[in-house]
């Protein structure tokens, strides 16, 4: 192992020793209470299988056949999730074929950030992760299940499903993806049209045509945002079948991967001899593997919060220092939009997960000695799924990248450090995605231009008020303020300013996620403006230094002057009502800071 990888893992284990021990004790106690259906009264059990066919009823009465709970995030609003509409029936058939039973345990909400982007509903997006985790727990609370299959892909959905599953950590779970849509127009062309529209040089009809040519069918969006980062991280943590992440929907190979996953979960329950509960699979080593995979590919900055919350659900404490230290030794191995011109299908064709995991393992940057849903050892994930005479087999992945413009080895990377930096100073702590930055733009010192919403900034841009070197501050966007929405309306205008030759950076307590682009963006600033952060004292014209190379986020104003300033307040009433937001006031009050996962599920406990 690389010594830094080993040291960070050991530090996480030491820091979390008592918390993890308490978690494992609770999971062992839950296991001892099984088999769970045997603990149910006759009335309980009769209700549980009342709607089943006679064969399934017989299996559930016997208490010897596995009952697999399906938790689905299917809806028609998410192109990535639309293929799930017939998965439950397919899964039931596959599970029945090996003598077990499957039931839909429940559904969880799944909102599309692409639809809500820049709209009031986006302010519920991050909060929805915790709602999904709780809905997962409710789905599994019937005490009827020996294992579970999780049907989810996008943004907050996979982290929510995983947090919920970890609350049932004595059970095994496999995550079942549906795959990315085929490639449409290039992401570079889509971004070009967006910037032209921001400048008033393209019509709304031209913009809609470009967007529709990019997001054009069922399947996951093909750029490397949070959805595809979810798939990569979950696979590298051993919760998918090997190579399952990026096979297109509607193909025979995708159907076979789903069938085999459904049957594999029956083999790893506590009723058999190969018990693999998720609470044991997710440990410090698998968490570090997930972080390294994220950093090596320039994945979504949302995971600087999601992985913190996931770790806490498994009894571990991780922080941004861990991310930053790992980033220093993790090479950047991919160029996938917004970190390059390729999309996720190009990555798959270049060697995909099999080659990525192989080169990271060979460089000592991943823990190989981990348990996965198919057995012990991550080396099995260097194999690729294929069909042979209609049967699913795994064969060794490529020994070399098949497209070095998209995917490279750890020995010849695009960069010798990962795609993320921790910046800190008197303004607090923030993360800055470096993988998409052009050379020479990572450090900016310029006067502040202060806004309290992305809409205010857009209006100022349209009025020509930002044609200068500046550090744009967008505050009161944090978890407690308005639920920490993603702020992608900022990306096109800031990109245009940069193209015009201005030095520009962004500082915000909001999010930018996997689509963070070519402008230096210190995001997730904590403490947030509403919670005592110095952001609330920044004034127009104040010099701010944002330096991803040196790790600096500094308001260059005399300390005495800052002490004399009052904290600015902001009327957020308009963001607390309408579109259902009034129902989530209690959540906002409970949300922890960004570095603690922006999570409401563990109030009063140290993160």
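Exactly one of these conditions fails for residue 143: (1) closer than 27 Å to residue 218 by Cβ; (2) part of a loop (DSSP other than H, G, I, E, B); (3) at pLDDT below 95. Give me its number.
Status for residue 143: all satisfied but (1).
How many residues are over 19 Å from residue 319 (Cα atoms), surrounded by fewer than 22 Cβ atoms within 10 Å (Cβ to Cβ) and either in contact with a strand residue (DSSP E or B) (Cβ under 8 Å, 6 or more places away or on another chain) or at pLDDT 95 or above (or both) when one looks only at the range 423-443?
Selection size over the range 423-443: 2.
If I go through the range 448-464 residue by residue, how many of them are assigned to a loop (DSSP other than H, G, I, E, B) and free of Cβ contacts under 8 Å to residues at least 12 places away in the same chain?
The qualifying residues number 2.
Just to be sure I understand the filter: pairs with C-beta atoms under 8 Å, separated by 6 or more residues or on different chains, first member in the range 495-515 and at positive phi and outside the structural domain of residue 191 (by TED's automatic domain parsing), second member in a loop (DSSP other than H, G, I, E, B) and surrounded by 23 or more Cβ atoms within 10 Å (Cβ to Cβ). Which pairs pass?
From the range 495-515, the pairs are 513/155; 513/225; 513/300; 513/301; 513/302.
Quick check: anything in the range 143-155 on the phi < 0 side of the Ramachandran plot and without any contact (Cβ under 8 Å) to a residue 40 or more places away in the chain?
No, there is no match, as no residue in the range 143-155 is on the phi < 0 side of the Ramachandran plot and without any contact (Cβ under 8 Å) to a residue 40 or more places away in the chain.
Got a number for residues in the range 317-330 being surrounded by 24 or more Cβ atoms within 10 Å (Cβ to Cβ) and outside any helix (DSSP H, G or I)?
Count: 2.
Of all the residues that make up the range 11-25, how many are surrounded by fewer than 16 Cβ atoms within 10 Å (Cβ to Cβ) and either free of Cβ contacts under 8 Å to residues at least 40 places away in the same chain or not in a helix (DSSP H, G or I) (or both)?
So the count comes out to 4.
Kindly provide the set of residues from the range 266-284 that are out of contact with any helix residue (DSSP H, G or I) (no Cβ under 6 Å at 6 or more places or on another chain), within 17 Å of residue 367 (Cβ to Cβ) and outside any loop (DSSP other than H, G, I, E, B), ordered by number.
280, 281
Quick one: count up the residues across the range 96-140 that are crowded, with 24+ Cβ neighbours inside 10 Å and not in a helix (DSSP H, G or I).
Final tally of qualifying residues: 5.
Can you find even one residue in the range 121-130 that is modelled with pLDDT under 90, closer than 30 Å to residue 464 by Cα and more than 17 Å from the chain's Cα centre (by Cα)?
yes
What pairs can you find where one residue is in the range 180-199 and at negative phi, the other is in a strand (DSSP E or B) and crowded, with 21+ Cβ neighbours inside 10 Å, and their Cβ atoms are less than 6 Å apart, with a gap of 6+ or different chains?
Within 6 Å, the pairs are 180/220.
How about the range 355-381: which of its residues are buried (at least 23 other Cβ atoms within 10 Å of the Cβ) and in a helix (DSSP H, G or I)?
Once the filter is applied, which keeps residues that are buried (at least 23 other Cβ atoms within 10 Å of the Cβ) and in a helix (DSSP H, G or I), the range 355-381 yields 355, 356, 357, 358, 359, 360, 378, 381.
Considering each residue of the range 338-350, count those that are outside any helix (DSSP H, G or I) and crowded, with 24+ Cβ neighbours inside 10 Å, and give that number.
Qualifying residue count for the region: 3.
Considering every residue within the range 163-177, establish whether at least one is part of a helix (DSSP H, G or I), surrounded by 18 or more Cβ atoms within 10 Å (Cβ to Cβ) and touching a strand residue (DSSP E or B) at 6+ places or on another chain (Cβ under 6 Å).
Within the range 163-177, one or more residues are part of a helix (DSSP H, G or I), surrounded by 18 or more Cβ atoms within 10 Å (Cβ to Cβ) and touching a strand residue (DSSP E or B) at 6+ places or on another chain (Cβ under 6 Å).
Answer with yes or no whether residue 48 is out of contact with any helix residue (DSSP H, G or I) (no Cβ under 9 Å at 6 or more places or on another chain), at pLDDT below 90 and part of a helix (DSSP H, G or I).
no
Which residue pairs have Cβ atoms closer than 6 Å, lie 6 or more positions apart in sequence or on different chains, and pair a first residue in the range 340-351 that is at positive phi and modelled with pLDDT of 95 or more with a second residue that is surrounded by fewer than 24 Cβ atoms within 10 Å (Cβ to Cβ) and outside any helix (DSSP H, G or I)?
351/398; 351/401; 351/402
Quick one: how many residues across the range 478-498 are in a loop (DSSP other than H, G, I, E, B) and within 14 Å of residue 592 (Cα to Cα)?
Here the count works out to 3.
To keep it simple, each residue is scored yes or no on (1) under 27 Å from the mean Cα position of the chain (by Cα); (2) closer than 21 Å to residue 570 by Cα.
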{"site": "501", "(1), (2)": "no, no"}
{"site": "536", "(1), (2)": "no, yes"}
{"site": "540", "(1), (2)": "no, yes"}
{"site": "551", "(1), (2)": "yes, no"}
{"site": "554", "(1), (2)": "no, no"}
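The values are calculated or read from the model by the stated rules, or taken from the named source; none is laboratory data. These figures come from a predicted structure and were not determined experimentally. Heads up, the Cβs are rebuilt from the backbone with ideal geometry, glycines too, and the neighbour counts pull from every protein chain shown.
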